[in-house]
Structures are given as structure tokens and as C-alpha cells.
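Peer 1: Just dropping this structure here.
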Amino acid sequence: MLVAFLGPFGTFTEQAVRSQVDLNQAELVAYRSVPDVLDAVQSGAVDFGVVPIENSIEGTVNFTQDALSFDYELLIQREIVLDIEHCLMALPGTALGDVTTVLSIPIATAQCHRYLREKLPDAQVQAANSTADAAKTVATNAVAGVAAVAPRNAAELYGLDILATDIADHAGNQTRFVVVGRSGIPAPTGHDITGIVVYQRADEPGSLISILQEFAARRVNITNLLSRPTKDGGLGDYCFVMYLDGHIADELVADALRALHAKQGNVKFLGSYPAHSLHVHSTREHADVRWQQADDWIDQLRLTIQ
């Protein structure tokens, strides 16, 4: 099995892959960007790809979410949540006061904005393809005064000194990654998430509430709701990316998606897959029971039709 990930080796994405027993036993292939990873999956060059999609500080990784929503026909197979520790690292012998340039992926430097502003107010922040790519660049170019924001293990991998540890602006920093494949929906586990993209049939008052009502009426919990521009419809043309508790195999979830498809016309399915947390959503379980009771009641009434 070939698994692509946002590289090079030493990234948080590699750590996420290695946290999964089955994926860690596969042959790992590093790619320079998220689109490169997704291209490899869609073309069949690899079996699965792993990419970051959400951070607890910065929120959604929009370039990943938009790529899955608009540019690729891939299905999410599972999610992986990883605790994140950002470190500042540089060539051996470099002091914090020597740093004039900081390299990293933009979402990482954004998570460390306060530290960089207070400790390195005059340093220039430059974008890299990934956190580990920043560390590799610092080590390879060997330019004095250049540091990277990267994972702790990248310092050892590329022979750098750690100048500061755990520099994120907020405690409890976590990133959610998704494993994507070309096809297949994992079997329901009872602790699942379903992702969809809903395109509005018309931009009119009440459009969003009419979408949300389909889930509220069936007691399906929406865990994440994003409004994203459709890219080709001009200003003001938005779609809704939604993540909800449950699996497409659940009758209530399936019925809500069926109603949305009939009402809105264009609903893209992103996948139904195991959630990282095993938290049982009792409200949905009770709703499932009531729905089955109501369905049985209707069936009994229909039996009396003459």
C-alpha cells in the first residue's frame, strides 16, 4: 500500500500517518504540496493521501477544504487528530537574537503570531511548503540568521538546534488530518462523521435556514458549517460545507441528504468515516429509535389501505 503525505519527512502530517498502525506499515511517499498529494491519489499513483484540514487555533485549512470541495472527486476515509508542538529551530550556534528570517508554512506562523511579534519583532516571515520543508531549507542553505517553525523531530532529522519550544499562541493546539481515497465508504462504526457540500439553488432570504431545518427536524447534529465562495460564480455566490454526526448508512442522515438533493439540486458527498472521538451522541441514537417507531407506525397504517 502506498500512502502520500504532505512532506518532506519530518512534518506533522508524517507524524499523523505514523500514529495509525495500518498506515505506518505502508510505503510512505512525501509530496511538496497538498494539491500534489491529492493529484497522486486521484491519478492512482498512490492508494491514499493524508492532508491537514483543520487547526484548533486557526480553524479550517481552506486550501485543503476547497480542493476537496471543488477540484477533486475523492472520499474521506478517516480523520486523525494530532497534538501540535511548534518549535523555533536554526543552525547550530544560532542565538535567538541572531534570527532575522523565519520560514514555515503560513498556517504555522499564524498559530505562533504572538510569539514571533514579541520575541522577533524585526524578523521577516517567509512562506515554505510545509513545516519540515522550512527546517530542511534552513539546514540545506546554511544561511546565518534564518530559523524555521517546525516539529521537534525535524530538528533532529535535519541537524538543527531548537531555540524555543511550544511557541504557539494558545495551549491545546491540535490539527485534524483526513485520509482520502478514490472510492469506498468505510462501514459505519456508530461514531461517524459525514461531510457534504450544498450548493444553493437560489440566493434568497431563508436559503440557509431551509437547509439547516432538514437536519434539525431529524435531530442530526451539525458539527461544522462553512460558507465558501464557489470560485466561478462571482462575488456573493457561496456554497455551504457541512460536517455532521452520523453515517450515510443511518436512515436519518440518508433521509436528510435525500431531501437536500431534491430541494437544492446539487449536493456533493465528501464521505462518511470514523470520527477520532468515540463520544456517543445519545441525542441521535434516541432520534433513530423514534424515527424507526414512526416508520413502523406508517407501515402499519398502510397495511389497512383497501
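Peer 1: Kindly provide the pair-distance distribution of segment 155-277 built from C-alpha pairs, with 5 Å bins from 0 and whole-percent values in order of increasing distance.
Peer 2: Binned Cα distances yield the sequence 2, 9, 17, 18, 15, 11, 9, 7, 5, 3, 3, 0.
Peer 1: According to the Kirkwood expression over distinct Cα-Cα pairs, how big is the hydrodynamic radius of segment 87-164, in Å?
Peer 2: 11.8 Å
Peer 1: Tell me, what are the semi-axes, in whole angstrom and largest first, of the equivalent ellipsoid of segment 3-117 as set by the roots of 5 times the Cα gyration tensor eigenvalues?
Peer 2: On the way: eigenvalues 159, 55, 34 Å².
For segment 3-117, the ellipsoid semi-axes come out as 28, 17, 13 Å.
Peer 1: Could you tell me what percent of the DSSP beta bridges with both partners in the chain are antiparallel, to the nearest 5?
Peer 2: Counting DSSP beta bridges with both partners in the chain, the antiparallel share is about 75 percent.
Peer 1: With r as the distance between the Cβ atoms of R32 and D98 and R0 = 30 Å, compute the FRET efficiency 1/(1 + (r/R0)^6) and round to 0.05.
Peer 2: With a Förster radius of 30 Å, E is 0.60.
Peer 1: Okay, which of segment 205-226 sit inside 14 Å, backbone N to the point 7 Å along the Cα-Cβ direction of Y238?
Peer 2: 205-212, 225-226
Peer 1: Sticking with this structure for a sec: Arranged by the count of other C-beta atoms within 10 angstrom, fewest first, what order do Y199, Y31, Y243 take?
Peer 2: Lowest count first: Y199, Y243, Y31.
Peer 1: Under a 5 Å amide H to amide H cut-off, with H placed in plane at 1.01 Å, what residues pair with D192 once short-range neighbours are removed?
Peer 2: Distant-sequence amide H within range of D192: G246, A275.
Peer 1: Return the calculated 222 nm mean residue ellipticity for the chain, to the nearest 500 deg cm²/dmol, obtained by summing -39500 (n - 2.57) across DSSP H runs with n ≥ 4 and dividing by the residue count.
Peer 2: Numbers: 11 runs with 102 residues, N = 306.
Calculated at 222 nm, the ellipticity per residue is -9500 deg cm²/dmol.
Peer 1: Once the other residues with Cβ under 11 Å from the Cβ of G49 are scored (Lys, Arg +1; Asp, Glu -1), what is the net sum? Intermediate results must be reported in sequence, preceding the final value.
Peer 2: Values: positive: R182; negative: D36, D39, D47.
Here the charged neighbours net out to -2.
Peer 1: With a cut-off of at most 10 other beta carbons within 10 Å, and DSSP calling the residue loop, which GluC sites (Glu not before Pro) in segment 69-168 qualify? Please list them. Show your work: numbers first, answer last.
Peer 2: Numbers: sites: E73, E79, E85, E118, E156; in loops: E73, E85.
Passing sites in segment 69-168 are E73.
Peer 1: If Lys and Arg each add +1 and Asp and Glu each add -1, what is the summed charge of the other residues whose beta carbon sits under 10 Å from the beta carbon of I193?
Peer 2: -2
Peer 1: OK, next. Based only on other Cβ atoms within 10 Å, what is the fewest-to-most ordering of L252, L212?
Peer 2: So the ranking, lowest neighbour count to highest, is L212, L252.
Peer 1: For D255, D296, D232, D71, which order do you get if you count the other beta carbons within 10 Å of each Cβ and list the fewest first? Please report the intermediate quantities before stating the final value.
Peer 2: On the way: D255 16, D296 10, D232 7, D71 13.
Fewest to most other Cβ atoms nearby, the residues stand as D232, D296, D71, D255.
Peer 1: Note down the nm distance, to one decimal, between modelled labels 7 Å out along Cα→Cβ at D299 and at R117.
Peer 2: The answer from the label model is 6.0 nm.
Peer 1: Right, next: I need the calculated FRET efficiency for the pair V81 and R290, taking r as the beta carbon distance and R₀ as 25 Å, to the nearest 0.05.
Peer 2: According to the calculation, E is roughly 0.20.
Rule-based calculations on the coordinates, nothing more; no lab input. Values in this document were obtained by computation on a predicted structure and should not be read as measured data. Positions of Cβ are backbone-derived with ideal geometry, glycine not excepted, and every protein chain shown enters the neighbour counts.
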